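Heads up: the structure comes next, in structure tokens.
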Amino acid sequence: MSGASVLYDVPGPKAKVRNRVYTVLGGLVVLALIGFVVMRLNATGQFEPERWDIFNNAGVRTNIRNGLLTTLEVFAVAAVLSLLLGILLAVGRLSDHKPVRWLATGFIELFRAVPLLITIYVIWVLLLTNRDALGLSGAQPQFWALVIGLTVYNGSVQAEVLRAGINSVPKGQSEAAYALGMSKTQVMTTVLIPQAVRAMLPTIISQLVVTLKDTSLGYIITFEELLYTARLMSTNILVNGEDTYVPFIIVTGSLYVAMCLALSALANWIERRGRRAKTGIGVAAAGEPVAATDALETAAPADVPGAAKD
């Protein structure tokens, strides 16, 4: 199969020239906008050395570091939990049992429809009012409210991504697995989900980037993540009687961009390794059986006795 996308035709010579012209014009417009913003900031004195000298203060650097580590901690916990919840909900929505399928569908549609900010705030209020009953007297309810809110929302989105990936796997794969005597659980865990994850990996990582950015919503419940910490310092640290919003916005935004780029680079590296992975049926030595899960990767339904033919 060629690398061209099936969603649009391969551009011809004229279309390539036109695309290059549009790219150059678009780049010039973006550069002009950036130049205009920089000139306005410079005219208002936002690049004066004393405004940026605040970052030489050890206390400021420590607060930014602590906020960054807290943001990464929330993201790590929420990312793992949302992926696990996404797998559970995707399997539940594809279940043969109607109550399980309806419950998973209702959960997904509910938390995808409710704004994440409202979800986080409601969970925070519930945790705060039931703090002693839930055993959170010595813990931060803001942390768990943010983690749970990110988990249920992004888990619902990841579930739909994984469901689309599972449905994209050719039916011959599952038919061949059933013909080999595998149960539905074995087919799902060893055949369908691994292929779905590989196929939908770019979308999964894109949603993880959204999860990372959504950690900034913790400011609404006064959770001391990176954005809340920067906002708090920008209002309390004054230079020449003026606030320091712009320097903190630039530094904080740069940190968010760097984290998202690092996550995207990790995704690209994982995807390249996945494409280089050897697949197919290896030649087994005498007396050694070939693993059934390896055979399913290249075996067509017609190659398996009793399998249905498409």
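The values are calculated or read from the model by the stated rules, or taken from the named source; none is laboratory data. Only a predicted model underlies this, so the values are computations on that prediction, with no experimental measurement involved. Backbone-built Cβ (ideal geometry, glycine too); neighbour counts: all protein chains shown. Ligands, DNA and RNA are stripped out before the accessible areas are found, and what is left, the full protein with its side chains, is counted by its heavy atoms. Shrake-Rupley method; radii C 1.70, N 1.55, O 1.52, S 1.80 Å.
Given a 1.4 Å probe and heavy atoms of the protein chains only, how would you sort E175, E225, E50, largest accessible area at the top?
Accessible-area ranking of E175, E225, E50, largest first: E50, E175, E225.
Please give the contour-minus-distance gain from V30 to W269: 0.36 nm per residue of separation, less the Cα-Cα distance, rounded to one decimal in nm.
83.2 nm
Using +1 at the Cβ of each Lys and Arg and -1 at the Cβ of each Asp and Glu in region 120-264, identify which of I120, I205, P194 lies farthest towards the dipole's positive end.
P194
Do any trypsin sites (Lys or Arg not before Pro) in region 203-279 lie in a DSSP loop with no more than 10 other beta carbon atoms within 10 Å, and if so, which?
For trypsin sites (Lys or Arg not before Pro) across region 203-279 that sit outside H, G, I, E and B with at most 10 neighbouring Cβ atoms in 10 Å, the list reads K278.
Heavy atoms of the protein only, probe of 1.4 Å, neighbouring chains included. What is the accessible area of D53 in Å², nearest 10?
90 Å²
Rounded to the nearest 10 Å², what accessible area does L68 show when all protein chains are kept and the probe is 1.4 Å?
L68 has an accessible surface of roughly 40 Å² with all protein chains in place.
Please give the charge dipole size of region 61-120, origin at the Cα centre, charges +1 on K and R Cβ atoms and -1 on D and E Cβ atoms. Round to the nearest 20 debye.
Once rounded to the nearest 20, the dipole reads 100 debye.
In what sequence, highest mean first, do 84-90, 119-125 appear when ranked by Cβ atoms within 10 angstrom?
Sorting 84-90, 119-125 by mean packing, highest first, produces 84-90, 119-125.
Pairs of alpha-carbon atoms within less than 8 angstrom and 6+ residues apart define the contacts here; what relative contact order does region 195-256 have, in percent?
Averaging sequence separation for qualifying contacts and normalising by length gives 20 percent for region 195-256.
Using a 7 Å offset from Cα along Cα-Cβ at T105, what residues in region 160-187 end up with backbone N under 19 Å from the label point?
Under 19 Å, as judged by backbone N against the label point of T105, lie 160-168 of region 160-187.
Can you sort I54, I237, I250 by solvent-accessible area, 1.4 Å probe, largest first?
The residues order as I250, I237, I54, largest area first.
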